Amino acid sequence: MFDGSRKRVVCMWFPRLACERILRSRPIEAPFALTLNHKNADRIYCLTPAAEALRLHRGMSLADARAFCPSLVSHPAEPDLDDRFLSCLRRWATRYCPWVGRDGLDGLVLDVSGSTHLFGGEEAMLADMRGRFERAGLTLRLGLADTRGAAWALAHFREGRIAPRETRERLADLPVEALRLDAEVVVRLQRLGLRRIGDLLATARAPLSRRFGPELILRLDQLLGECPEAISPEADPPHFAVRLSFPEPIGLFEDVMASTERLLAPLCDKLTLHEKGARRLRLTLRRVDQRGQQVELPLAAAMRDPARILPLFSRGVSETEAGFGIDQIRLEATLVEPLPVQQAGTMASQASPDRLDDLITRIGTRIGLENVQRFLPADSHIPERGFIIASAAYSDPESGWSCLRPRPLRLFRPEPIAARGMHPPARFKWRRMPMTTVNASGPERIAPEWWLDDDSWRSGLRDYWKVETREGRRLWLFNTPQDPGWFVQGEFA
């Protein structure tokens with residue numbers, strides 16, 4: 001029977017976390033490895049037991065690995081997705097205890113003091129952990145001891161648990177790598193013949209401290225519990241949702257809007273506290289018959305002003321049916337973006353972007369935000385590629401279009417005209433209308449972008465002219481000297 005007053009720590013180590021995260025959804029029977037670019041070379045980051053059996057190891061270059069194993073299947077590692085996956089595992093592990101923290105890039109540490117009896121004891125709890133992760137397709141190694149250092153050593157070098165006050169005796173035969181030391185310090189200790197933890201415990205501390213620094217002594221004290229080592233659980237991300245229950249059902253439009261206004265105030269206060277702004281809101285109306293209706297509100301810009309957001313809900317709320325009444329309303333910001341606090345200004349023009357965003361939001365609720373679009377300049381000297389069309393809600397307007405030469409307001413596909421020579425014709429017909437040239441300025445030579453395959457530019461260079469006609473038309477003509485011909489492509493206002 002263990003002493004319940006002693007601290008008990010569990011260390012979870014996932015030695016193949018990165019590989020198994022991918023293989024859970026896409027199983028591969030062949031030897032598999034993940035690679036990461038390090039010092040201008042792709043090196044093995046994580047690998048499966050089948051790849052290890054072929055003498056592959058972490059840090060090995062991918063070229064050498066393929067020489068040993070031509071059938072190796074490799075994939076680039078995604079550390080950011082591995083980090084998110086480990087965060088999900090950390091939240092799941094809180095079912096065993098509330099104090100769960102990370103331990104490096106592939107491990108978790110749990111303070112299970114006082115919670116093991118809820119699972120039938122320590123052995124039963126460890127068995128439950130192994131079984132659940134085995135069914136999830138994850139390799140898990142566990143260590144349970146009085147200290148975090150001892151639990152880490154067990155998980156990485158001898159899976160299991162040790163009883164309280166037995167750390168010194170049970171871990172004395174483990175290698176010095178179990179102390180979580182730097183590789184350089186481990187090599188220096190091995191050169192002196194200090195290969196086991198027991199060798200260090202039997203050596204005077206003063207010479208060890210002078211030769212290897214205070215880190216070695218600190219790790220020894222943390223292993224034995226003579227120096228405390230905290231477990232810092234990660235704070236859960238903020239959840240931006242509020243709800244309101246009614247003692248009597250409501251159904252009038254004015255009552256729903258008034259309740260939404262009450263919910264917007266605390267929600268926006270929470271968004272302000274975390275310097276966030278809502279890009280998508282969801283209003284859920286639960287009726288007395290337990291059926292729910294949702295009002296989705298996509299916003300053209302990140303907002304947290306209740307006065308601006310409330311009128312935008314009016315159209316969606318008016319289309320809902322209250323039935324026999326609504327007894328609960330829930331408001332949630334399903335998509336948020338950073339929105340730092342800004343100093344309030346005194347210029348009236350500062351309100352114009354807000355009014356534009358509100359207008360885009362109102363139109364977007366009817367036809368969809370993705371259908372409200374704007375033109376943005378593009379980095380290309382080709383006239384028809386000098387702009388792009390982007391969603392107005394997910395792009396910022398440009399302050400101005402920089403162009404060395406004027407461009408026509410109307411731009412269309414090149415339309416051929418009957419003309420010859422290198423200069424604009426004195427008379428020509430365009431769209432069955434006779435034109436007489438009064439003034440012509442140019443040429444502006446534009447070369448095709450050779451790195452792009454564009455059929456319309458296969459004729460080669462173009463010499464553009466701005467032509468003013470007696471009929472009042474101001475046209476944009478171009479000549480193709482490499483494949484003689486004249487075309488009209490635009491018209492100035």
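The values are calculated or read from the model by the stated rules, or taken from the named source; none is laboratory data. It should be emphasised that the depicted structure is a prediction, and the values quoted were computed from it without experimental measurement. Counting neighbours? That spans all protein chains shown, and the Cβs are built from the backbone with ideal geometry, glycine included. Ligands, DNA and RNA are stripped out before the accessible areas are found, and what is left, the full protein with its side chains, is counted by its heavy atoms. Shrake-Rupley method; radii C 1.70, N 1.55, O 1.52, S 1.80 Å.
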Please sort by residue number the GluC sites (Glu not before Pro) in region 261-308 whose DSSP state is loop and whose Cβ has at most 15 other Cβ atoms within 10 Å.
Glu275
Mind computing the radius of gyration and Dmax over the alpha-carbon atoms of region 1-150? Å is fine for both.
17.7, 55
15 Å beta-carbon shell around Ala53, net charge (K/R +1, D/E -1)
+1
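Counting Lys and Arg as +1 and Asp and Glu as -1, what is the net charge of the other residues whose Cβ lies under 12 Å from the Cβ of Ile231?
Details: positive: Lys7, Arg8, Arg90, Arg102, Arg148; negative: Asp103, Asp111, Glu229, Glu234.
Value of the local net charge: +1.
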Treating the beta-carbon of each Lys and Arg as +1 and of each Asp and Glu as -1, no other charges, what is the dipole magnitude of region 356-457 about its Cα centre, to the nearest 20 debye?
880
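In region 1-113, carbon and sulfur make up what percent of the accessible area (probe 1.4 Å)?
On the way: 3250 of 5980 Å².
Reported share for carbon and sulfur atoms: 54 percent.
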Which whole-number percentage describes the relative contact order of the chain, with Cα contacts under 8 Å and a sequence gap of 6 or more?
9
Which of Gly421, Thr480, Ala447, positive extreme of dipole for region 353-493 (C-beta unit charges)
Gly421
In percent, how large is the relative contact order of region 142-256, given Cα pairs closer than 8 Å and 6 or more residues apart?
24
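Write down the accessible area per residue of the chain in Å², having rolled a 1.4 Å probe over the full set of protein chains. Mind dumping the intermediate values first?
Values: 27910 Å² over 493 residues.
Ligands and nucleic acids excluded, the result is 57 Å² per residue.
With runs of 4+ DSSP H residues as the only contributors, calculate the mean residue ellipticity of the chain at 222 nm using -39,500 (n - 2.57) per run, divided by the residue total and rounded to the nearest 500. Before the final figure, lay out each step's value.
Numbers: 15 runs with 140 residues, N = 493.
Rounded to the nearest 500, the figure is -8000 deg cm²/dmol.
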